[in-house]
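*Asks:* Have a look at this one before I ask anything.
The values are calculated or read from the model by the stated rules, or taken from the named source; none is laboratory data. As the structure is a prediction and not an experimental result, all values here were calculated from the model. Backbone-built Cβ (ideal geometry, glycine too); neighbour counts: all protein chains shown.
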Amino acid sequence: MQTTSPATGAVPPARGQRRGGLTLIELLIVVVIIGMLVAMIAPALLGAFSTARDAAVINEIKQLESAVTAFKAVYGIEPPSRVIIYEAPAGWTGDTESRALIRRIWPQYDFTTAHHATNFNRDLTGDGDADDEIRLNAGEALVFFLGGVVNRSTGAAEGFAKNPARPFLSASTAASREGPFFEFDPARYVDLDSNFSTGSGAGNAVWGWREYRDNLPGQTKPYLYFSSREGRGYQTLTTAIDGTFVDVYRVFNPTSSTATPNAPGVGATFSSAYPAHKPQTFQIISPGVDGFYGKGGVFNPDKPLSWLADVGDYDNLTNFHGGRLKR
């Protein structure tokens, strides 16, 4: 039976009845506990997001590999990663290397017929003349050979004409096409050396092509692509990419367990004496979240961080290692 207070007439709280609300001390304890949980969970969540983003890039690299395979199925070889395309017939005369590469892809390519605006338009750059050269390397070659010629009005990749003598004809001239071999997202094209829309030199004679960046947030640098020339060996890079990347990735595994690749007396850091990763095919390299390629060179997944030539290499994503080079 519940009684009332003789002084006030109020009913006292029943035994076991809780107060409505938290005291300041209890509230502070709850805040501290929540803060501790957030501190414990946040790194795991950030790590999960980072891993998911990396996995998306790795998946896209695999798609690019499949596109290279599709190109090879049609043309017999993997795309070269360094070649010059000449608009004028005279340009091919002194460049036997580029001529041989194009001849392997298109054995019937017409190197001699002069430019004709209607019947044989050689103006790949869209600048109104046909005396330019398009120098393709690294990421540019990947986009050119997997995407094909470009409609300069819309920017769309059109693949290549099935005309074996004139594969660079536009879709408006030759409707029967091969490719594109990869569906490039137009929003992710970049032009690292600013030579796709404007040439350089006398008469704007030297041009380049677009590159393609990965899908990491805020990425501004493109994928790099290097061909081993079907097992004949990678060529040492004559021009550093972005001023830093100077060689493909190689396997450094000397007999001395104490040797490091950059130590004096061991040999050149980027020596071709070290076997390359993917020696029979090609390397595709993303600069990772930091946007820096590093220097390339030796990489051994079983060795410590010091075995990479530059910290910029650590988070690079490639087609020869399942994840970042080093975490």
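*Asks:* Just need a number here: residues in segment 280-317 that are at pLDDT 95 or above, touching a helix residue (DSSP H, G or I) at 6+ places or on another chain (Cβ under 7 Å) and either part of a helix (DSSP H, G or I) or under 18 Å from ASN137 (Cβ atoms) (or both).
*Replies:* Here the count works out to 3.
*Asks:* Restricting the search to segment 156-206, which residues are of a type in the set (Ser, Thr, Tyr) and under 22 Å from ASP131 (Cα atoms)?
*Replies:* SER170, SER172, THR173, SER194, SER197, THR198, SER200
*Asks:* Could you grab the pairs with beta carbons closer than 6 Å, sequence gap of 6+ or different chains, first residue in segment 309-327 and closer than 14 Å to LYS221 by Cβ, second one surrounded by fewer than 17 Cβ atoms within 10 Å (Cβ to Cβ)?
*Replies:* ASP315/ASP290
*Asks:* Hey, another quick one. Of the residues in segment 117-132, how many are in contact (Cβ under 8 Å) with a residue 24 or more places away in the chain and surrounded by fewer than 22 Cβ atoms within 10 Å (Cβ to Cβ)?
*Replies:* Here the count works out to 9.
*Asks:* Does PHE196 meet the test of being assigned to a loop (DSSP other than H, G, I, E, B), modelled with pLDDT of 90 or more, in the same structural domain as GLU78 (by TED's automatic domain parsing) and in contact with a Leu (Cβ under 7 Å, 6 or more places away or on another chain)?
*Replies:* No, not satisfied.
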